[in-house]
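Q: Have a look at this one before I ask anything.
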Amino acid sequence: MSTKNVTHQYRLSQWAPIIKECKNSGLTVLDWCVENNINEKRFYYWQRKVREELASSLISTNNSSNETTTFVPMLKQDSIPTEMRSSFTPDMILDIGKYRLEISNTINPQVLSEIIKVIHHV
């Protein structure tokens, strides 16, 4: 592993708990960053890098397993009755072609793993 890769991995390991602390604080990212003297753009940069690393490791782990992918039909948001819709606010939104995936930071890792498998095959 090159020095650059080692440095990058070290920084990822430093930023992961910082990002988790921010999300668990109940504050907005901007308020938390101001309170903790962290540059907001730097925070979002490392949040993206941590998520990319997580997704990459999940994909490589899943590619090496013998599990099968199961597709589940989903309703379009327009076809769900208003009273059944939640007030969910996603932490991450992925637009993939005509599909939109809204994810919370509290998502179960196994569920995220299954979602990534499906996305990989779309």
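Laboratory data are not the source of any read-out in this text; all were calculated from the coordinates shown. Keep in mind that what you see is a predicted model, and the values were worked out from it rather than measured. So basically every Cβ, Gly included, is an ideal-geometry build from the backbone, and we count neighbours across all protein chains shown.
Q: Enumerate the amide H contacts of D91 below 5 Å, restricted to partners 5 or more residues apart or on another chain; note that Pro and chain-start residues carry no placed amide H.
A: I103, S104, N105
Q: Report the label-to-label distance for M92 and N105 in nanometres (one decimal), using points 7 Å from each Cα along the Cα→Cβ vector.
A: Taking the two extended label points, one gets 1.2 nm.
Q: Let me ask something else. Starting from the Cα of K4, step 7 Å along the direction of its Cβ; do the same at S57; then give the gap between the two resulting points in nm.
A: Here the modelled spin labels are 2.2 nm apart.
Q: Determine which lysines satisfy two conditions relative to K4: a Cα distance under 22 Å, and not lying fewer than 8 residues away in the same chain.
A: Answer for K4, where 22 Å is the Cα cut-off: K41, K49, listed by chain and number.
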